[in-house]
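Heads up: the structure comes next, in structure tokens.
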Amino acid sequence: MKPPIKQVNNALYRSTIEIGASKPKQILWYFVNIIFFKNPFIIISSLKVALLKAFGAKIGKGVVIKPVTNIKYPWKLQIGEHSWIGEEVWIDNLSQVYIGRNVTISQGALLLTGSHDHTRITFDFISYPIRLEDGVWIGARAVVFGGTTCQSHSILGMNSVAEKDLKSYTIYKGNPAIPVLSRTIY
């Protein structure tokens, strides 16, 4: 027997986005994101860093943010020194996203903190933080789900999907991502 269809419960979503930002701040960020971040013609990384800081992000020195990026809520973002955010990266940070020092997030990668509870008839919104520790590399078109920690110097290969924690100095590939090699740094 099929369960009756009920309205999706997004109460947590609404309360999640309200933390750290007033409605006017959210609306202003929406337009700043479109004009300065998603725009392929804005290539000045230092301008993007300054705008993120103005909206509450904590950003270290030497951070590079390439064109056509999409950052949902800067007030829920922390990026360590000398990290690199590639073209077409989408940081869908409904929960906190922490990016350590010397992290590379390659082209088209997706950091996705929010989802829905498929076990509930109301399909409740759920959201968990993401943590990328120092030296992590997220490959092109890879996806990191909420609740995941990519430990120090781990690598998530291109087109791979991380739904669970990645161990330090380990290279992961596939969907779901599995360990395939140890990472040695000379």
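The values are calculated or read from the model by the stated rules, or taken from the named source; none is laboratory data. From a predicted model like this one, the values you see are computed outputs, not experimental measurements. Quick reminder, even Gly has a Cβ in these numbers, built from the backbone with ideal geometry, and neighbours come from all protein chains shown. Calculation scope for accessible area: heavy atoms of the full protein, side chains included, ligands and nucleic acids excluded. Shrake-Rupley method; radii C 1.70, N 1.55, O 1.52, S 1.80 Å.
Please give the strands (runs of 3 or more DSSP E) falling wholly within segment 100-184 in which 2 or more residues are within 12 Å of the chain's Cα centre (by Cα) and of a type in the set (A, V, I, L, M).
Result: 110-112, 130-132, 143-145.
Mind listing whichever residues of segment 45-66 are charged (D, E, K, R) and assigned to a helix (DSSP H, G or I)?
Lys48, Lys53 - these are the residues of segment 45-66 that are charged (D, E, K, R) and assigned to a helix (DSSP H, G or I).
If you go through segment 49-58 one residue at a time, do you hit one that is without any contact (Cβ under 8 Å) to a residue 24 or more places away in the chain, under 17 Å from Asp134 (Cβ atoms), open to solvent by 40 Å² or more (accessible area, probe 1.4 Å) and not aliphatic (A, V, I, L, M)?
yes
Criterion first (within 23 Å of Lys25 (Cα to Cα), open to solvent by 30 Å² or more (accessible area, probe 1.4 Å), part of a loop (DSSP other than H, G, I, E, B) and not small (Gly, Ala, Ser)) does Ile42 satisfy it?
Considered against the rule, which asks whether it is within 23 Å of Lys25 (Cα to Cα), open to solvent by 30 Å² or more (accessible area, probe 1.4 Å), part of a loop (DSSP other than H, G, I, E, B) and not small (Gly, Ala, Ser), Ile42 comes out as yes.
Which of the following residues is open to solvent by 40 Å² or more (accessible area, probe 1.4 Å), under 30 Å from Tyr30 (Cβ atoms), modelled with pLDDT of 95 or more and out of contact with any strand residue (DSSP E or B) (no Cβ under 7 Å at 6 or more places or on another chain): Asn159, Asn102?
Within the list Asn159, Asn102, the selection yields Asn159.
Across segment 80-99, what is the total count of residues that are part of a strand (DSSP E or B), touching a residue at least 24 places away in the same chain (Cβ under 8 Å) and buried (at least 21 other Cβ atoms within 10 Å of the Cβ)?
Number of matching residues: 2.
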